[in-house]
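Quick note: the coordinates plus some simple rules give every number you see, no bench work behind them. Quick caveat: nothing in here was measured; it's all calculated off a predicted structure. So basically every Cβ, Gly included, is an ideal-geometry build from the backbone, and we count neighbours across all protein chains shown.
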Amino acid sequence: MFNLMPKDPSFYDKIEQLARLIADAVDRLVQLLDQGSSHDGIAAQIEAERHQSHVLTRQLLLRLDQAFITPFDREDIMQLANDLYGVMERIANASERLHLYSMQNPHPNLRRQCTTLSAIAKQVNEVVLMLRKSGGLGAVRAQLDEIGHLEEQSRMERTQFLSEIYQGSPDPIDVMKKKELHDLMAEAIRACDGVGRTIERVLLKNG
């Protein structure tokens, strides 16, 4: 099988860096959820990683504009870069809200959703790393299937969360904060699933 990624290593170097930053940022989000607002530096680190991801994405798109030949559609390379940055943006938004809201007692399902986000981000990182090896769709089938499974798990967790959060007579402001955080994490998980679908489409088109 021919190499599906550009000969210029800067393309996959930057894509791999984006995926690694996402996995690192999710690990920090887990820490922030566990340790609370007393650890201001964690939120600052996630924001720094978001900025670094923005720079990497712009660099990749600039290189794409300058490249004379690419081995698969420019639109697909651009989509993958933007998909990855979209994941980072949602993680950073969740971090910002979690830090600002200073929650002392997060809902247990927020922790489960964050754990699912961490797991799916690691699968995305693995798939991106394997692109360099050009093993085709079969080489990443297990990881792509796991990404889909984790996205479905997130949907079930969301249903459970919504069924629990309105029980009794909860504080409306507290409910609003927790739901917004859960929404942001769910959006990040769906964005990870979108990365997997983009990679699957590229491999199918070029296999």
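When only Cα pairs below 8 angstrom with a gap of at least 6 residues are kept, the chain shows a relative contact order of 33 percent. Size descriptor for the chain, Kirkwood hydrodynamic radius: 17.7 Å (Cα pairs only, one decimal). Available extension along the chain between Q31 and Q66 is 8.6 nm, counting 0.36 nm per residue and deducting the alpha carbon span. When each of the peptides 117-123, 147-153 is scored by how many other beta carbons lie within 10 Å of its residues on average, the order from highest to lowest is 117-123, 147-153. Positive-end ranking of S163, N109, Q59 along the dipole of the range 9-206, with charges on Cβ about the Cα centre, is headed by Q59.
Sorting H182, H107 by the number of Cβ atoms found within 10 Å of their own Cβ, with the fewest placed first, yields H107, H182. The calculated FRET efficiency for Q160 paired with K205, based on their beta-carbon distance and R0 = 41 Å, is about 0.65. Peptides 40-47, 185-192, 136-143, 14-21 ranked from most to least packed by the mean count of surrounding Cβ atoms within 10 Å: 185-192, 14-21, 40-47, 136-143.
How far is helix 74-101 tilted, in degrees, relative to the longest principal axis of the Cα atoms in the chain, given as a value from 0 to 90 rounded to the nearest 10? Here the helix axis deviates by roughly 20 degrees. Within the shell defined by Cβ-Cβ distances under 14 Å, the residues around D174 carry a net charge of +1, with Lys and Arg each +1 and Asp and Glu each -1. Taking the number of Cβ atoms within 10 Å of each Cβ as an exposure proxy, the fewest-first ranking of S102, S134 is S102, S134.
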